[in-house]
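Student: Got a structure for you, questions after.
Derivation of every value follows stated rules applied to the coordinates shown; laboratory data play no part. Predicted, not measured: the structure shown is a model, and the values here were computed from it. So basically every Cβ, Gly included, is an ideal-geometry build from the backbone, and we count neighbours across all protein chains shown.
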Amino acid sequence: MHGKYLFMNQLKIRIKSERLILVPISKKHAKDIFREFNEEITNYMIPKPQESVQKVEEWIADSLRRMRKGSNLQLVIIEKQTGEFLGCAGLHEVNTKTPELGVWIKKSGHRKKYGQEAMRALKNWADGNLKYDYIKYPVATANTASRKVAESLGGKEAARYDETTQNGKTWQFIEYRIDDKLRKNRNTIDIEQYLAEQAIRITTLTSEKQIEILRDRTSFNYTYDNTTIELLKKNFKLKDSLYLIAKQNNKFVGFCSTDRDWWEDNFFFVREILVDSDFQNSGIGRQFMLKCIEHAKSKGAMGIVTETDFENIPMRKLCESLHFKAWKNPRWKDGITYKLLFKRNERGTPHTSPPPRASIPPPSQDTSPDQDWPKFAF
């Protein structure tokens, strides 16, 4: 196997996007799969529908065995808000340099771009957890919708061949190959140049009313509900807070905030980094973080900290690439706290008056950081 993936328990993987959550397949999904994986859905696919729920359960059992061996990742696509079953997604041969993506969405979920969103989320997961040369995405030439999914991920046609399905139909297939183009771009062009080319502007929020743009958006592990929005508005008023928003014309691209509401004196806390799924792995999160770091330095802070979930590998890698160090936080143990200390000559003029700290409980109290400090969405 390659990279950190060697140490992962596939049966505990959870991949989240704006509307979806991808979870490991289990027998509780057998009836849904039997009902929705029908002849119409499989028309352009190699496999054919299973003959019974029992056969589906046998296939699920085999998929779970492969997952335990670390060769395949077989997931079910769930609508995040309602819990509705939408289809299946797979990343096969993950222990090779050329894994293969696949997806199917039930009939009632078509024309809603669920397949594209699921594949982008799975591709982003692969970028953060696997070392690969390219990802294969085979699709029948006549399957226009699936071809659009591959092309939306930057897939390039590499081969064409004829394939006979289990239903006895012969189709011409295209093998798309998808590399980590965006990551390569980050290494070869300046991020400011990339933002200019994509007409993406990062600006500072000037009013707490602008925070409303986040309402009901979903992130890595939560929704921006009223409680979260009101917390952000409260911290917006703190001295030296910095709230940033990225837009492409009028389209929301991302949001970031940092403030002084941290229990150690003279530290900034990066509270939020949210990047829309269409723009992830493009360096925008890194640009947000760099702006937070420079802001904290300019205010004379000793350093900057942030918190993220154990499972948020892309965020962890971002922090580590910017020389943050994992820190044993006595007040939060449900994830990883990262801290970056500034050298004395990097700091600007120290702040002359302490920030408001009425909301920060003393160390002896039993705190609930999960309520006060939302985690990263990246």
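Student: Which links in LYS12/LYS48; LYS31/LYS131; LYS106/LYS317; LYS12/LYS317 stretch past 30 Å when you go from one Cα to the other?
Tutor: From the list (LYS12/LYS48; LYS31/LYS131; LYS106/LYS317; LYS12/LYS317), the Cα-Cα distance tops 30 Å for LYS31/LYS131; LYS106/LYS317.
Student: Turning to a different aspect of this structure: Roughly how many Å is it from the Cα centre of the stretch 99-145 to that of the stretch 309-339, as a whole number?
Tutor: Answer, in whole Å: 29.
Student: Among DSSP beta bridges lying fully in the chain, give the percent that are antiparallel, nearest 5.
Tutor: Around 90 percent antiparallel, to the nearest 5.
Student: Also: At 4 °C and 1.567 mPa s, what whole-number value in µm²/s does Stokes-Einstein give for the translational diffusion of the chain, with Rh from the Kirkwood sum over Cα pairs?
Tutor: Result for D is 57 µm²/s.
Student: Would you calculate, for the chain, the mean residue ellipticity at 222 nm contributed by helices, counting each DSSP H stretch of 4 or more residues as -39,500 (n - 2.57) and dividing by all residues, to the nearest 500?
Tutor: Mean residue ellipticity at 222 nm (helix-derived): -8000 deg cm²/dmol.
Student: Right, another one. Name the shape class, rounded, prolate or oblate, that the alpha-carbon gyration tensor gives for the stretch 195-240, where a ≥ b ≥ c are the square roots of its eigenvalues, rounded holds for a/c under 1.5, and otherwise prolate holds if a/b is larger than b/c and oblate otherwise.
Tutor: Since a/c reaches 1.5 but b/c is at least a/b, the shape of the stretch 195-240 is classed as oblate.
Student: For LYS233 and LEU341, FRET efficiency with R0 = 41 Å and r from the beta-carbon atoms, rounded to 0.05?
Tutor: Using R0 = 41 Å, I get an efficiency of 0.85.
Student: Here's a follow-up. Take the Cβ-Cβ distance between ARG65 and LYS97 as r, set R0 to 25 Å, and report the resulting FRET efficiency rounded to the nearest 0.05.
Tutor: Efficiency, rounded to the nearest 0.05: 0.65.
Student: Let me ask something else. Mind giving me the nanometre distance, one decimal, between the label points for ASP179 and GLU40, set 7 Å out from Cα along Cα→Cβ?
Tutor: Those two pseudo-labels are separated by 4.0 nm.
Student: Let me ask another. If you wrap the stretch 94-242's Cα atoms in a convex hull and average its projection over all directions, what's the area in nm²?
Tutor: Spelled out: convex hull of the Cα atoms, projected over all directions, averaged, 13.1 nm².
Student: Right, something else. Based on the alpha-carbon gyration tensor of the stretch 3-127 and its eigenvalue square roots a ≥ b ≥ c, which shape applies: rounded if a/c is under 1.5, prolate if not and a/b is larger than b/c, or oblate?
Tutor: Note, shape of the stretch 3-127 comes out oblate.
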